[in-house]
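Everything below concerns the one structure shown next.
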Amino acid sequence: MENDTIILDSIDAYNKLYGLSTYHPLVSVVDLKKAVKIVNNIRVTYGIYALFLKNGDYCTIRYGRKSYDYQAGTVTSFSPGQTIDVVMKDVEVAPDVVGLIFHPDLIYGTPLADKIADFNFFDYSQTEALHLSDEERAKFLDCLDKIREEVMHPVDNHSAALISANIQVMLEYLHRFYDRQFITRHRVNSDVVSKFERELKACFREPRTVIPNVAYFADKANLTPGYFSDLIKKETGSSPKDLISLHLVAEAKKKLMATNDDISVIAYNFGFEYPSHFTRMFKRLTGLTPLEYRRNNN
């Protein structure tokens, strides 16, 4: 892998990397089969949003600690700030990839700017990529065509609004397709939930110096926090953050009833730096302070 990292912070920087034409400074519909250059063994840092539909298993991408060999019909997504390594399996053949890249500046002042944070899949790792059915793939390509049509249209006062609206439609479809993927992987996801529940019970058996957060349990499951949170919410109806808090309070109730330990001692043993934070969380979830709960039940 090359030591230098390529910074792709503009549409033109990406297109120049592959020898593609730039028709709009802030957005481009990409078809790498038309690439003039075939690049290999590169590390790139994105300063733009990117979505790619991979139609073959031609390459391996490393993001974080894991590598992922792409299968046909897989959509991968990247957001500004992500760094990946790309290794081509066949440097003589242009990759069969289509996709969309757009700069954050494109959506400023549009409804998509307020909505973009809701599309958590931009922060998923590439092992959590979206696998499309034939029908879903056709819908993705149709969305790309509509965006391409607007990109190729001469820029006017309506361009940014129309392009961002069409991008939002595509992202909403991908959100729907991910929901479908969570459902069809229910058996696998159930195993993740079961492991989370076991880890949750185990982590409070001994005093802790730090409260375990969502990232802690996601790492145990070898998933990104975003994907882990969405998976748990789909399977249980509650966010992992809420489940952690509920379990902590349940364990705290046991301590309050089984011991005479001071509230501050109980708080510290659960990983709270400040007892007042423990008291505030306990009251939010039970309607009582820890001391009130102990008195009422005694």
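Assigned to a strand (DSSP E or B) and farther than 27 Å from GLY226 by Cα - does that describe any residue in the stretch 123-136?
no
Looking at ILE163, ILE244, can you tell me which residue is over 18 Å from THR279 (Cα atoms), crowded, with 18+ Cβ neighbours inside 10 Å and at pLDDT 90 or above?
ILE163
Looking at the structure I just gave you, is LEU171 open to solvent by less than 10 Å² (accessible area, probe 1.4 Å), within 17 Å of TYR108 (Cβ to Cβ) and touching a residue at least 24 places away in the same chain (Cβ under 8 Å)?
yes
Is one or more of the residues making up the stretch 93-100 more than 17 Å from the chain's Cα centre (by Cα) and either without any contact (Cβ under 8 Å) to a residue 24 or more places away in the chain or open to solvent by 50 Å² or more (accessible area, probe 1.4 Å) (or both)?
Yes, because at least one residue in the stretch 93-100 is more than 17 Å from the chain's Cα centre (by Cα) and either without any contact (Cβ under 8 Å) to a residue 24 or more places away in the chain or open to solvent by 50 Å² or more (accessible area, probe 1.4 Å) (or both).
Touching a Pro at 6+ places or on another chain (Cβ under 8 Å) and modelled with pLDDT of 75 or more: which single residue out of GLY47, GLY19, GLY81 fits that description?
GLY47
Any idea which of (1) in contact with a strand residue (DSSP E or B) (Cβ under 8 Å, 6 or more places away or on another chain); (2) open to solvent by less than 60 Å² (accessible area, probe 1.4 Å); (3) modelled with pLDDT under 95 is the one HIS24 doesn't satisfy?
Of the numbered conditions (1) in contact with a strand residue (DSSP E or B) (Cβ under 8 Å, 6 or more places away or on another chain); (2) open to solvent by less than 60 Å² (accessible area, probe 1.4 Å); (3) modelled with pLDDT under 95, the odd one out for HIS24 is (1).
Looking only at residues that are assigned to a helix (DSSP H, G or I) and touching a helix residue (DSSP H, G or I) at 6+ places or on another chain (Cβ under 6 Å) in the stretch 193-210, which one is nearest to PRO275 (Cα to Cα)?
Restricting to residues being assigned to a helix (DSSP H, G or I) and touching a helix residue (DSSP H, G or I) at 6+ places or on another chain (Cβ under 6 Å), the top hit is LEU200.
Is there a residue in the stretch 171-189 that is under 24 Å from THR74 (Cβ atoms) and not in a helix (DSSP H, G or I)?
yes
If I ask for residues that are in a loop (DSSP other than H, G, I, E, B), in contact with a Ser or Thr (Cβ under 7 Å, 6 or more places away or on another chain) and open to solvent by 30 Å² or more (accessible area, probe 1.4 Å), which ones from the stretch 211-236 would you list?
Of everything in the stretch 211-236, nothing turns out to be in a loop (DSSP other than H, G, I, E, B), in contact with a Ser or Thr (Cβ under 7 Å, 6 or more places away or on another chain) and open to solvent by 30 Å² or more (accessible area, probe 1.4 Å).
The values are calculated or read from the model by the stated rules, or taken from the named source; none is laboratory data. What you see is a predicted model; the values in this text were computed from it and never measured. Every residue, glycine among them, receives a Cβ derived from its backbone with ideal geometry; neighbour counts consider all protein chains shown. These accessible areas exclude ligands, DNA and RNA; they are computed on the full protein's heavy atoms, side chains included. Shrake-Rupley method; radii C 1.70, N 1.55, O 1.52, S 1.80 Å.
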